[in-house]
(Lines give C-alpha, C1' and ligand atoms only; values in the text may rest on other atoms or scores of the structure.)
Protein backbone atom coordinates (compact mmCIF):
# COMPACT_ATOMS: atom_id res chain seq x y z
CA UNK A 1 0.00 0.00 0.00
CA UNK A 2 1.16 3.52 -0.76
CA UNK A 3 2.81 5.08 2.32
CA UNK A 4 0.70 8.26 2.25
CA UNK A 5 -2.50 6.25 1.88
CA UNK A 6 -1.51 4.16 4.91
CA UNK A 7 -0.76 7.30 6.94
CA UNK A 8 -4.19 8.69 6.03
CA UNK A 9 -5.90 5.44 7.05
CA UNK A 10 -3.98 5.15 10.31
CA UNK A 11 -4.56 8.80 11.21
CA UNK A 12 -8.25 8.63 10.34
CA UNK A 13 -8.66 5.41 12.33
CA UNK A 14 -7.01 6.94 15.38
CA UNK A 15 -9.22 10.03 15.20
CA UNK A 16 -12.44 8.16 14.36
CA UNK A 17 -11.88 5.62 17.13
CA UNK A 18 -11.12 8.31 19.71
CA UNK A 19 -13.81 10.82 18.73
CA UNK A 20 -16.37 9.15 16.49
CA UNK A 21 -16.61 9.25 12.72
CA UNK A 22 -19.13 12.09 12.53
CA UNK A 23 -17.13 14.26 14.95
CA UNK A 24 -13.99 14.22 12.81
CA UNK A 25 -13.70 16.31 9.68
CA UNK A 26 -11.41 15.80 6.73
CA UNK A 27 -9.43 18.92 7.62
CA UNK A 28 -8.57 17.48 11.03
CA UNK A 29 -7.33 14.27 9.40
CA UNK A 30 -5.24 16.29 6.95
CA UNK A 31 -3.78 18.42 9.75
CA UNK A 32 -2.90 15.40 11.92
CA UNK A 33 -1.48 13.38 9.03
CA UNK A 34 0.42 16.20 7.35
CA UNK A 35 -0.96 15.01 4.00
CA UNK A 36 -2.28 17.43 1.37
CA UNK A 37 -5.99 17.50 0.50
CA UNK A 38 -5.25 16.69 -3.15
CA UNK A 39 -3.36 13.54 -2.06
CA UNK A 40 -6.27 12.51 0.16
CA UNK A 41 -8.72 12.81 -2.71
CA UNK A 42 -6.35 10.93 -5.04
CA UNK A 43 -6.76 7.95 -2.70
CA UNK A 44 -10.33 8.44 -1.44
CA UNK A 45 -13.17 10.04 -3.36
CA UNK A 46 -15.22 10.66 -0.21
CA UNK A 47 -15.10 10.54 3.56
CA UNK A 48 -17.22 7.37 3.46
CA UNK A 49 -14.58 5.71 1.31
CA UNK A 50 -11.97 6.65 3.91
CA UNK A 51 -14.22 5.32 6.68
CA UNK A 52 -14.50 2.00 4.80
CA UNK A 53 -10.71 1.86 4.48
CA UNK A 54 -10.32 2.42 8.23
CA UNK A 55 -12.85 -0.32 8.94
CA UNK A 56 -11.00 -2.75 6.68
CA UNK A 57 -7.67 -1.84 8.28
CA UNK A 58 -9.05 -2.23 11.82
CA UNK A 59 -10.69 -5.51 10.82
CA UNK A 60 -7.30 -6.93 9.82
CA UNK A 61 -5.63 -5.64 13.01
CA UNK A 62 -8.37 -7.06 15.21
CA UNK A 63 -8.51 -10.43 13.45
CA UNK A 64 -4.72 -10.80 13.66
CA UNK A 65 -4.80 -10.01 17.37
CA UNK A 66 -7.75 -12.32 18.07
CA UNK A 67 -6.28 -15.16 16.01
CA UNK A 68 -2.97 -14.84 17.88
CA UNK A 69 -4.87 -14.77 21.19
CA UNK A 70 -6.89 -17.88 20.29
CA UNK A 71 -3.81 -19.71 19.02
CA UNK A 72 -1.91 -18.97 22.24
CA UNK A 73 -3.73 -21.96 23.73
CA UNK A 74 -3.58 -25.48 22.28
CA UNK A 75 -7.16 -26.71 22.66
CA UNK A 76 -10.66 -25.55 21.77
CA UNK A 77 -11.95 -24.88 25.28
CA UNK A 78 -8.74 -23.17 26.45
CA UNK A 79 -8.55 -21.12 23.29
CA UNK A 80 -12.13 -19.96 23.85
CA UNK A 81 -11.22 -18.90 27.38
CA UNK A 82 -8.18 -17.12 25.93
CA UNK A 83 -10.58 -14.82 24.07
CA UNK A 84 -11.90 -13.50 27.38
CA UNK A 85 -8.46 -13.17 28.96
CA UNK A 86 -7.49 -11.29 25.80
CA UNK A 87 -10.51 -9.03 26.12
CA UNK A 88 -9.45 -8.26 29.66
CA UNK A 89 -6.04 -7.21 28.37
CA UNK A 90 -7.65 -5.03 25.69
CA UNK A 91 -10.05 -3.38 28.14
CA UNK A 92 -7.08 -2.55 30.38
CA UNK A 93 -5.00 -1.10 27.52
CA UNK A 94 -2.48 -3.95 27.38
CA UNK A 95 -2.91 -4.56 23.64
CA UNK A 96 -0.82 -1.85 21.95
CA UNK A 97 -1.80 -2.86 18.41
CA UNK A 98 -5.46 -2.05 19.18
CA UNK A 99 -4.73 1.29 20.86
CA UNK A 100 -6.38 2.75 23.93
CA UNK A 101 -9.67 0.93 24.54
CA UNK A 102 -12.69 2.91 23.38
CA UNK A 103 -15.11 0.08 22.74
CA UNK A 104 -15.61 -1.76 19.50
CA UNK A 105 -14.83 0.44 16.50
CA UNK A 106 -17.39 -1.52 14.46
CA UNK A 107 -20.23 -1.13 16.97
CA UNK A 108 -19.37 2.54 17.45
CA UNK A 109 -19.24 3.22 13.71
CA UNK A 110 -22.40 1.27 12.90
CA UNK A 111 -24.25 3.29 15.55
CA UNK A 112 -23.34 6.49 13.69
CA UNK A 113 -24.87 5.32 10.41
CA UNK A 114 -28.65 5.08 10.50
CA UNK A 115 -29.07 3.54 7.04
CA UNK A 116 -28.92 -0.19 7.74
CA UNK A 117 -27.93 -1.19 4.20
CA UNK A 118 -25.12 1.36 3.82
CA UNK A 119 -21.72 0.00 2.79
CA UNK A 120 -20.33 1.10 6.14
CA UNK A 121 -22.94 -0.82 8.13
CA UNK A 122 -22.42 -3.82 5.84
CA UNK A 123 -18.67 -3.67 6.50
CA UNK A 124 -19.31 -3.58 10.26
CA UNK A 125 -21.65 -6.58 9.98
CA UNK A 126 -19.08 -8.44 7.89
CA UNK A 127 -16.48 -7.94 10.63
CA UNK A 128 -18.86 -9.44 13.20
CA UNK A 129 -19.49 -12.46 10.93
CA UNK A 130 -15.73 -13.00 10.57
CA UNK A 131 -15.22 -12.87 14.35
CA UNK A 132 -18.14 -15.25 14.87
CA UNK A 133 -16.50 -17.64 12.38
CA UNK A 134 -13.22 -17.53 14.34
CA UNK A 135 -15.12 -18.43 17.50
CA UNK A 136 -17.06 -21.16 15.69
CA UNK A 137 -13.86 -22.79 14.48
CA UNK A 138 -12.79 -23.18 18.12
CA UNK A 139 -16.20 -24.37 19.27
CA UNK A 140 -16.13 -26.99 16.50
CA UNK A 141 -13.18 -28.64 18.21
CA UNK A 142 -15.32 -29.14 21.33
CA UNK A 143 -18.30 -30.94 19.79
CA UNK A 144 -19.42 -32.53 16.54
CA UNK A 145 -23.08 -31.68 17.07
CA UNK A 146 -23.94 -28.99 14.49
CA UNK A 147 -26.79 -27.54 16.56
CA UNK A 148 -24.59 -27.36 19.68
CA UNK A 149 -21.83 -25.69 17.66
CA UNK A 150 -24.28 -23.03 16.44
CA UNK A 151 -25.82 -22.45 19.89
CA UNK A 152 -22.51 -22.34 21.74
CA UNK A 153 -20.98 -20.05 19.11
CA UNK A 154 -23.95 -17.67 19.37
CA UNK A 155 -23.80 -17.59 23.17
CA UNK A 156 -20.04 -17.07 23.35
CA UNK A 157 -20.18 -14.40 20.66
CA UNK A 158 -22.97 -12.51 22.43
CA UNK A 159 -21.22 -12.74 25.79
CA UNK A 160 -18.09 -11.33 24.14
CA UNK A 161 -20.07 -8.48 22.60
CA UNK A 162 -21.76 -7.76 25.92
CA UNK A 163 -18.40 -7.66 27.69
CA UNK A 164 -17.14 -5.09 25.19
CA UNK A 165 -20.21 -2.89 25.69
CA UNK A 166 -20.00 -3.26 29.48
CA UNK A 167 -16.33 -2.30 29.46
CA UNK A 168 -17.06 0.82 27.43
CA UNK A 169 -20.41 2.00 28.79
CA UNK A 170 -19.97 1.03 32.44
CA UNK A 171 -16.21 1.36 32.57
CA UNK A 172 -16.02 -2.26 33.71
CA UNK A 173 -12.41 -3.03 32.77
CA UNK A 174 -12.80 -6.52 34.27
CA UNK A 175 -15.76 -7.45 32.07
CA UNK A 176 -13.68 -10.01 30.16
CA UNK A 177 -12.59 -11.79 33.33
CA UNK A 178 -16.10 -11.59 34.76
CA UNK A 179 -17.37 -13.73 31.85
CA UNK A 180 -14.87 -16.54 32.39
CA UNK A 181 -16.82 -18.57 35.02
CA UNK A 182 -19.90 -18.54 32.76
CA UNK A 183 -17.85 -19.56 29.73
CA UNK A 184 -16.22 -22.38 31.75
CA UNK A 185 -19.65 -23.62 32.82
CA UNK A 186 -20.90 -23.56 29.21
CA UNK A 187 -17.83 -25.40 27.98
CA UNK A 188 -18.02 -28.01 30.76
CA UNK A 189 -21.66 -28.68 29.89
CA UNK A 190 -20.98 -29.07 26.17
CA UNK A 191 -17.32 -29.98 25.57
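The values are calculated or read from the model by the stated rules, or taken from the named source; none is laboratory data. Note that the structure is a prediction, hence the values are computed from the model and not measured. Here Cβ is always computed from backbone atoms with ideal geometry, including for glycine, and neighbour counts include all displayed protein chains.
Residues that are modelled with pLDDT of 95 or more and out of contact with any helix residue (DSSP H, G or I) (no Cβ under 6 Å at 6 or more places or on another chain) were ranked within region 67-80; the one that is farthest from residue 137 (Cα to Cα) is 68.
Checking residue 11 against (1) free of Cβ contacts under 8 Å to residues at least 12 places away in the same chain; (2) assigned to a helix (DSSP H, G or I), which test does it fail? So residue 11 meets the others, but not (1).
Could you count how many residues in region 156-171 are out of contact with any helix residue (DSSP H, G or I) (no Cβ under 6 Å at 6 or more places or on another chain) and within 22 Å of residue 134 (Cα to Cα)? The number of residues fulfilling the criteria is 6. Taken together, 133, 125 contain a single residue that is without any contact (Cβ under 8 Å) to a residue 24 or more places away in the chain and in contact with a helix residue (DSSP H, G or I) (Cβ under 8 Å, 6 or more places away or on another chain), which is 125. Residues that are without any contact (Cβ under 8 Å) to a residue 60 or more places away in the chain and farther than 16 Å from residue 142 by Cβ were ranked within region 173-188; the one that is farthest from the chain's Cα centre (by Cα) is 181. Residues considered: 88, 174. Of these, the only one that is touching a helix residue (DSSP H, G or I) at 6+ places or on another chain (Cβ under 8 Å), within 29 Å of residue 22 (Cα to Cα) and modelled with pLDDT of 95 or more is 88. Just checking, does region 145-153 include any residue being touching a residue at least 40 places away in the same chain (Cβ under 8 Å), in a helix (DSSP H, G or I) and buried (at least 18 other Cβ atoms within 10 Å of the Cβ)? Taking every residue of region 145-153 in turn, none turns out to be touching a residue at least 40 places away in the same chain (Cβ under 8 Å), in a helix (DSSP H, G or I) and buried (at least 18 other Cβ atoms within 10 Å of the Cβ).
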